[in-house]
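I have placed the structure first, in the form of structure tokens, so that the comments after it can refer back to it.
The values are calculated or read from the model by the stated rules, or taken from the named source; none is laboratory data. Everything quoted here is computed from the prediction, not taken from an experiment. Here Cβ is always computed from backbone atoms with ideal geometry, including for glycine, and neighbour counts include all displayed protein chains. The protein model used for the area step is the full one, side chains on, heavy atoms only, and it has no ligands, DNA or RNA in it. Shrake-Rupley method; radii C 1.70, N 1.55, O 1.52, S 1.80 Å.
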Amino acid sequence: MAAPSPGPREVLAPSPEAGCRAVTSSRRGLLWRLRDKQSRLGLFEISPGHELHGMTCMMQAGLWAATQVSMDHPPTGFELGTLAGPAFAWLRGSLGLAEEDYQAALGPGGPYLQFLSTSKSKASFFLSHDQRFFLKTQGRREVQALLAHLPRYVQHLQRHPHSLLARLLGVHSLRVDRGKKTYFIVMQSVFYPAGRISERYDIKGCEVSRWVDPAPEGSPLVLVLKDLNFQGKTINLGPQRSWFLRQMELDTTFLRELNVLDYSLLIAFQRLHEDERGPGSSLIFRTARSVQGAQSPEESRAQNRRLLPDAPNALHILDGPEQRYFLGVVDLATVYGLRKRLEHLWKTLRYPGRTFSTVSPARYARRLCQWVEAHTE
């Protein structure tokens, strides 16, 4: 099947006032408020008074408009650009994601949520109000890399439909009053549904700057920890370990061929309840989703397919004997160009004998796969 055309399309959205009206009518005040503490620990509503409130309101109104077949009112106030719209619409459809559900989650029906990121980048991170979709601002260079790689990314997902790569759902630009464009991406959240997740990690397979001070005991903050925080822990996948190791090899080989590095393996732990363990409980398999059409065993093995759990976000979930694991590879847009080569040279001199993230794509892929093999059983 040929990959869809990634041609750009510009969509104008209505004013931010119209998009935010439903959100702000019952949410006044200048302080960030923590809402639904039990299910949204450490996630803050981006309410009026938050420094990013105006921008996220425009993002919501723009994304809502971008999924409309037609608009009743002329666009005013700002411009939202939809880049490679047909390709991302195809990707959403391939996941069985209805445009109405996508629109409802990202539109102005509820405020976006912000969490305290442990990333050193200058990007802003948001979750849709139902936590199903993740939004991140991106630099122009990263967006150009994503769009350049998009046809091969689509082909990789066609070839390996159970890939661990993050599912990108949209790339957009936002410009207010003819100012500078802000770019952002939309993707499926790896950590969904988040209700019972106990620990979250961002793994790069190195040690420099890979420690995060954990939140104080009893704190509601959600922190994504890093490699050095993971010491002494193991991912116990049982019989699914071989599938996981093989898929990591396939996905990192693909990223190496794109000359990409600095991506992360996201990991989250969720302890299974007693009635969820074993083949007769939570592991109710959707065979039809895993085996599409009549395939020979050789074809199935080549694509590294597996039986998917009957759960939301099944592509990013692996169940072990005691734990459910949320696993996904994110941040796919950093190319090993001149800047990264110079950064590699500087870090080699700055951190002799230590491991750091900026290395060649081949070494980066090999090292992350070695980390996975060493930390799974």
Would you say residue 186 is touching a Ser or Thr at 6+ places or on another chain (Cβ under 7 Å), closer than 26 Å to residue 137 by Cβ and open to solvent by less than 30 Å² (accessible area, probe 1.4 Å)?
-> no
All but one of (1) modelled with pLDDT under 90; (2) of a type outside the set (Ser, Thr, Tyr); (3) under 18 Å from the mean Cα position of the chain (by Cα) hold for residue 97; which doesn't?
-> (1)
Between a first residue in the stretch 98-114 that is farther than 25 Å from residue 222 by Cα and a second residue that is open to solvent by 40 Å² or more (accessible area, probe 1.4 Å) and part of a helix (DSSP H, G or I), which pairs have beta carbons less than 7 Å apart while being 6 or more apart in sequence or on different chains?
-> 103/64
What residue, of 176, 212, 190, 186, is at pLDDT below 95 and within 26 Å of residue 60 (Cβ to Cβ)?
-> 176
Residue that is most open to solvent (accessible area, probe 1.4 Å), among those in the stretch 189-213 that are touching a strand residue (DSSP E or B) at 6+ places or on another chain (Cβ under 8 Å) and charged (D, E, K, R) | 196
Could you list all residues from the stretch 356-375 that are hydroxyl-bearing (Ser, Thr, Tyr), under 30 Å from residue 320 (Cα atoms) and open to solvent by 10 Å² or more (accessible area, probe 1.4 Å)?
-> 357
Mind checking which pairs have a first residue in the stretch 207-218 that is over 23 Å from residue 350 (Cα atoms) and a second that is surrounded by 12 or more Cβ atoms within 10 Å (Cβ to Cβ) and small (Gly, Ala, Ser), Cβ under 8 Å, 6 or more apart or different chains?
-> 215/42
